[in-house]
Each structure stands twice: as C-alpha cells, then as structure tokens.
1. When you look at residue 31, is it assigned to a loop (DSSP other than H, G, I, E, B), surrounded by 12 or more Cβ atoms within 10 Å (Cβ to Cβ) and either touching a Cys at 6+ places or on another chain (Cβ under 7 Å) or not hydrophobic (A, V, I, L, M, F, W, C) (or both), yes or no?
2. Among what's in segment 54-70 and is outside any strand (DSSP E or B), more than 10 Å from the chain's Cα centre (by Cα) and on the phi < 0 side of the Ramachandran plot, pick the residue that is surrounded by the fewest Cβ atoms within 10 Å (Cβ to Cβ).
3. I need every pair where a residue in segment 33-48 that is under 12 Å from residue 71 (Cβ atoms) and touching a residue at least 24 places away in the same chain (Cβ under 8 Å) has its Cβ under 9 Å from the Cβ of a residue that is of a type in the set (Gly, Ala, Ser) and assigned to a strand (DSSP E or B), sequence separation at least 6 or different chains.
4. Let me confirm something: among 60, 49, which residue is in contact with an Asp or Glu (Cβ under 9 Å, 6 or more places away or on another chain) and under 18 Å from residue 15 (Cα atoms)?
5. Going through segment 28-62 one residue at a time, which ones are more than 25 Å from residue 17 (Cβ to Cβ) and of a type in the set (A, V, I, L, M)?
6. Identify the single condition in (1) exposed (fewer than 13 other Cβ atoms within 10 Å of the Cβ); (2) part of a strand (DSSP E or B) that residue 76 does not satisfy, given that it satisfies every other one.
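The numbers here are math on the coordinates, done by the rules we state, and not lab data. Here the structure is a predicted model, which means the values were calculated and not measured. FYI the Cβ positions are ideal-geometry reconstructions off the backbone, even for glycines, and counts take in every protein chain you see.
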Amino acid sequence: MSYDDPYAWVVTCKNKKFHNRNNIFFGHKIPLGETDAFSPPPALEGAFSVRCDECGQEYSYNAKDLARIELALPAGFTPHPFFS
C-alpha cells in the first residue's frame, strides 16, 4: 500500500439482481468522488440519491453506505454533487 495510490468514495449498487451475474461477493461499486487515504468522509445528513453507472437504476443511500476504496477513477469522471 502506498499513500500515493488513488482512492475514491463509493457506494455499492443495491441492484443485486443485475450485478450478481458479474460479482456475487462484493457488488458493483459506484464511484462518487476522489479522496485520499486519510481524509474524513463528507458530512452527509439524511439520504442522497445515486444513479448506477452500469445498470442505470437510481437508489437512495445514507452516510453508513459510504466506503473508501483504492480505485483509479475513469477518464472524464464527474463527481457526485456532494463530493465535488
């Protein structure tokens, strides 16, 4: 692990029926914004909506659903409004 590795805030898509075909153990991670290994999560109050970049479904998530993972964001990535 390096402190220079790219990290992102993500949520796991709730559309398990669609995504379990490819990744039954971990689910599809939807990137929300860039971060580093140490920054605290943004202060989120209440639920926020996220549309999946693969299946196109929109679901509501809470702060407890947020995770930080080592992930390089794709070119042209646009962060979720809470994370920009």
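1. Judged against the criteria, residue 31 is not a match.
2. 64
3. Within 9 Å, the pairs are 33/8; 34/8; 35/8.
4. Numbers: 60 fails: in contact with an Asp or Glu (Cβ under 9 Å, 6 or more places away or on another chain).
Going through 60, 49 in turn, the sole match is 49.
5. Within segment 28-62, 37, 43, 44 meet the criteria.
6. (2)
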